[in-house]
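Below is one structure, written out as structure tokens; the observations come after it.
The values are calculated or read from the model by the stated rules, or taken from the named source; none is laboratory data. These numbers were taken from a predicted model, which means no experiment stands behind them. Here the Cβ positions follow ideal geometry from the backbone for every residue, glycine too, while neighbour counts run over all protein chains shown. What goes into the accessible areas is simple: the full protein's heavy atoms, side chains included, and nothing from ligands, DNA or RNA. Shrake-Rupley method; radii C 1.70, N 1.55, O 1.52, S 1.80 Å.
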Amino acid sequence: SFALFLGDKPQLPFTAIATGMIGGLLYTGHLADFSSWYYMGVLGHIAPMMLHQIWTADLDDPKNLWEKFKSNNLIGASITAWIAAGHFPGLF
């Protein structure tokens with residue numbers, strides 16, 4: 001995987017990639033004219049989840065890595081939920 005390619009300390013490169021993804025999500029929200037709910041979700045929920053995954057990953061523990069991999073479903077579901085919240089602000 002890419003993490004193994006990066007060596008013993010992949011956290012900084014992955015944090016940079018995650019920051020780019022969060023920036024892309026924020027820009028997408030701007031282009032789609034989403035409400036503040038979307039931005040609160042991206043910055044207050046999705047970004048912390050991603051950073052937690054990155055900084056708690058143990059490359060020497062396959063079980064830990066598998067749990068991180070499986071938790072990506074939660075990130076995808078969260079993105080979907082916050083898009084809905086941003087698109088339909090009257091629901092909240």
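For the range 23-36, does any single residue satisfy the condition of being of a type in the set (Val, Ile, Thr) and open to solvent by 60 Å² or more (accessible area, probe 1.4 Å)? Spell out how you get there, then give the answer.
Quick first cut of the range 23-36, residues of a type in the set (Val, Ile, Thr) only: 28.
Applying the additional criterion that residues be open to solvent by 60 Å² or more (accessible area, probe 1.4 Å) yields 28.
Scanning the range 23-36 turns up at least one residue that is of a type in the set (Val, Ile, Thr) and open to solvent by 60 Å² or more (accessible area, probe 1.4 Å).
When only residues in the range 37-58 that are more than 12 Å from the chain's Cα centre (by Cα) and under 16 Å from Leu25 (Cβ atoms) count, which is least open to solvent (accessible area, probe 1.4 Å)? Give the steps one after another, and end with the answer.
Step one: filter the range 37-58 for residues more than 12 Å from the chain's Cα centre (by Cα), giving 37-40, 55-58.
From what is left, the residues that are under 16 Å from Leu25 (Cβ atoms) are 37-40.
Numbers: Trp37: 86, Tyr38: 4, Tyr39: 64, Met40: 102 Å².
So, considering only residues that are more than 12 Å from the chain's Cα centre (by Cα) and under 16 Å from Leu25 (Cβ atoms), the one least open to solvent (accessible area, probe 1.4 Å) is Tyr38.
Of everything in the range 43-75 that's closer than 16 Å to Ile17 by Cα and small (Gly, Ala, Ser), which residue is modelled with the highest pLDDT? The residue in question is Ala47.
Could you check, for the range 59-76, whether at least one of its residues is of a type in the set (Asp, Glu), free of Cβ contacts under 8 Å to residues at least 24 places away in the same chain and open to solvent by 70 Å² or more (accessible area, probe 1.4 Å)? Yes.
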